[in-house]
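Notes for the one structure printed next.
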Amino acid sequence: MRYMAIEEIISLESVVNWLLTHGLKVLVIILAALILKRFSKVFVKKIIKKTIVKDSTTSESAKKKREETLVRIFSAFVNILIIIFALMMIVQELGFSVGPMMAAVGLAGVAFGFGGQYLIRDLISGFFIIIENQYRIGDVIGVGSVYGIVEDITLRMTTVRDLDGGAHHIPHGEIHQVSNLSKKFGRVNLNVGIAYNSNLEKVISTINRVGNDLAQDPEWKEHILVAPQFLRVDDFGDSAIIVKILGETQPIQQWGVTGELRKRLKLAFDKEGIEIPFPQRVIHKPA
């Protein structure tokens, strides 16, 4: 009984000694990692703000979008590095050798490399997408048949939220062509059909007046760069003359501006007696 008591005392003393030495170091490592994770985003943000320089063709909102995108990506990358280094130091304090573990990880990496070609392709493609500033978080893009707003970007994939609310996770290696619908400016590109018996000069003046009024409206003028105006007679349709209207808006505002323009044109055309024709079929009944 006395021998067991002495053994318990020695065991307890060993645990206390470990906690006061290695245990304390583990606690310090964890606290340091948490502090670094907390302040790494601020540090990354300051570096990126100093690195990105706004040029004459880049708006303040576009610069801010790019900053937020890069901060999110590089903050996540730095946090992963902090966690990896912290885990390695903790493992070493627990009495395990880091060298053999690194060798095992290296061998696993080689084995994984044979099956990880797609992952490497995704990472390389993602790196160039970010560096070349092809799109940013908050941009509206089209990738294949998917169109929506960029909700998140990592080095491996982009998440696009479509108008129906569906989230599409697209690996960067699968992106062969991307259309950015919100970079620098948007465009009102509207075709309107008018009746063949319409006074074309009256139609043109009405369109231009409505476009100018919209561009001067306090509610809409901050979204419009160039007032929507008549451009040309675009086509002679089966039942209508097709006229094209063009204008320029702030990024992502083209859809809202185009919708308001359609509404105002309909009201103005009704007031001016300008007909917007639609396909009709006349049936003659025999007497």
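Report, in listed order, any pair from LYS65/LYS244; LYS25/LYS46; LYS37/LYS183; LYS184/LYS221 with a Cα-Cα distance greater than 22 Å.
Too far apart for the 22 Å limit: LYS65/LYS244; LYS25/LYS46; LYS37/LYS183.
If amide hydrogens are placed 1.01 Å from N in the peptide plane, which non-local residues have theirs closer than 5 Å to the one on LEU225?
Amide H neighbours of LEU225, under 5 Å, 5+ apart: GLU248, THR249, GLN250.
At R0 = 25 Å, how high is the FRET efficiency between TRP255 and ILE204 if r is their beta carbon distance? Nearest 0.05 is fine.
E between TRP255 and ILE204, to the nearest 0.05, is 0.55.
Just want the ordering: ASP162, ASP238, from fewest to most Cβ atoms lying within 10 Å of their own Cβ.
Ascending Cβ contact count within 10 Å gives the list ASP238, ASP162.
Could you work out how far apart the two model spin labels at GLN216 and ILE80 are, taking each label as a point 7 Å from the Cα in the direction of the beta carbon, and quote it in nm?
Taking the simple label geometry, GLN216 and ILE80 are separated by 5.5 nm.
Tell me, what is the FRET efficiency for ARG156 and PHE278 to the nearest 0.05, using R0 = 45 angstrom and their Cβ-Cβ distance as r?
Here the calculated transfer efficiency is 0.40.
Give me the extension gain from LEU31 to ILE120: residue separation times 0.36 nm, minus the current Cα-Cα distance, reported in nm with one decimal.
Using 0.36 nm per residue and subtracting the Cα-Cα distance, I get 28.7 nm.
Read the figures in this text as sums done on the coordinates, not as results from a lab. Note that the structure is predicted; figures quoted are calculated from it, not measured. Reconstructed Cβ throughout: ideal geometry from the backbone, glycine too, with neighbour counts over all protein chains shown.
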